[in-house]
Amino acid sequence: MFARRRPDAGARPGTLILSPNSQPVELSVTLIYGKHHKVFSCRSVEELPTQLIDGQLMWIDVRGQGDGTVLQKLASRFRITPLAMEDLVNAPQRPKMELFEHQQLLIAHSVPAAGRDMTPSQLGIVFDKQVVLTFHEDCEHVLAPIHERLENPNARLRRKGPDYLVYAILDACVDGCYPVLEGLGESIEKLEEQALRDPRPELLAQIHHTKNILVRIRRSIWPQREMVLSLLTVDSPFIDKSTEEYLRDTTDHCTQLSDVVDMYRESTSGLINTYMSAVAHRSNEIMKVLTLLTSVFVPPTFLAGVYGMNFTSMPELSMEGAYPAALTMMGMMIAGTLFYFYRRGWLRRAPIEHKTEQTATAERKPRRPSRRVVVQSSHSHNTRKAA
């Protein structure tokens, strides 16, 4: 569940461990200056703009981590410390915030809406007063809406600084968890209905899979909440006071997501108990049916055993009509036993009741007072008024 790329013990701090499955490095540059907006791609670090005018913002999106040489050149160009570069490349890291002399480092996680495992992806952000760099491998679903918003000339992202762009990226990472948790909530409701109606071994595997997904999401959301909260508590020269208001809103979203994840985890743990109870209930029903069948045929078996004994002196065997009489008596025994079980209520099936939301709402709905109570109340009011 935790497979982090890390150097060997005793290695030099800042050692980069590149994954063999990483894609080649792609540099996408976005230049923003007022209403002017330009997006282009670069093949190398040397093609990046060297100087920025006052008020101009440059966003460099670094996709892929398959070339360590390009990453080292980026670190040298923008004065990224080796320890910060290690956190950006050696994924996954715990969501965190670190403040350096020339820039600020943020490690965020985003949860993809598609995929069976829903493993959170790491998104590293390094920014100063004019430049924002994002490092990732598969976070296009988070950054695509930001690029669409930048297409609007009147967007707030055009007027604000790099700290607001960083807030927008963090907010997209956090809000992207809402549809994922909504889908998990619907899945948990369906699993609960299946556990009550038809508890099968495959259902238990689905419950454990859902629980593992919630554990992964919780491991990302809780430290991410602390990371966003640290942006409000740490006095950073790269974050403007006007952006703190938006960061507080993101903190509220993180808190809400944390509560939802904890609630879903408790529901999933309770769902396992529900599954085991449903299985035990089904086993009890099966044993009940088998016991009733055995009990029904015990009296006829006793009668058949008595008259099946090999004695020479049994007068009933020589009587005319003894065989139909024995069958009739056996049938009456079976009917009497079934009637007795029916009167005791043992033949009824006792399914596990599952109240729907509408039924529960109807039961919680307060009843209107009866007409007699209203009339009495009115009469007592008039009596007190006359007095």
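A few remarks follow.
- Qualifying positions in region 172-191 - closer than 17 Å to Asp262 by Cα and buried (at least 17 other Cβ atoms within 10 Å of the Cβ): Val174, Cys177, Val180, Leu181, Leu184, Ser187, Ile188
- Within region 239-257, the set of residues being surrounded by fewer than 16 Cβ atoms within 10 Å (Cβ to Cβ), closer than 23 Å to Glu101 by Cβ and in contact (Cβ under 8 Å) with a residue 24 or more places away in the chain comprises Asp240 only.
- Selected residue (criterion: nearest to Leu99 (Cα to Cα)) from residues of region 195-237 that are buried (at least 20 other Cβ atoms within 10 Å of the Cβ) and touching a strand residue (DSSP E or B) at 6+ places or on another chain (Cβ under 7 Å): Leu231
- Any helices (runs of 4 or more DSSP H) falling wholly within region 278-387 and containing at least 1 residues that are modelled with pLDDT of 75 or more and surrounded by 10 or more Cβ atoms within 10 Å (Cβ to Cβ): 315-318, 322-344
- Cβ separations smaller than 7 Å between residues 6+ apart or across chains give the following pairs from region 287-307 residues that are farther than 16 Å from Gly331 by Cβ to residues that are in a helix (DSSP H, G or I) and aromatic (Phe, Trp, Tyr): Leu292/Phe341.
- Test: residue in region 273-281 that is among the β-branched types (Val, Ile, Thr) and touching a Pro at 6+ places or on another chain (Cβ under 6 Å): yes
- Comparison of Met97, Met85 shows that the only residue that is closer than 19 Å to Ile239 by Cα and either among the acidic types (Asp, Glu) or surrounded by 14 or more Cβ atoms within 10 Å (Cβ to Cβ) (or both) is Met97.
- Residue match in region 61-84 (condition: in contact with a helix residue (DSSP H, G or I) (Cβ under 6 Å, 6 or more places away or on another chain) and under 26 Å from Leu229 (Cα atoms)): no
- In this entry, Lys129 passes the filter for residues that are in contact with a Pro (Cβ under 9 Å, 6 or more places away or on another chain), of a type in the set (Lys, Arg) and touching a residue at least 12 places away in the same chain (Cβ under 8 Å).
- Meets criteria (free of Cβ contacts under 8 Å to residues at least 60 places away in the same chain, surrounded by 15 or more Cβ atoms within 10 Å (Cβ to Cβ) and under 19 Å from Ser121 (Cβ atoms)) for Arg265: no
The values are calculated or read from the model by the stated rules, or taken from the named source; none is laboratory data. Because the structure is predicted, anything quoted here is derived from the model rather than measured. Here the Cβ is made from the backbone with ideal geometry for all residues, glycine too, and neighbour counts use every protein chain on show.
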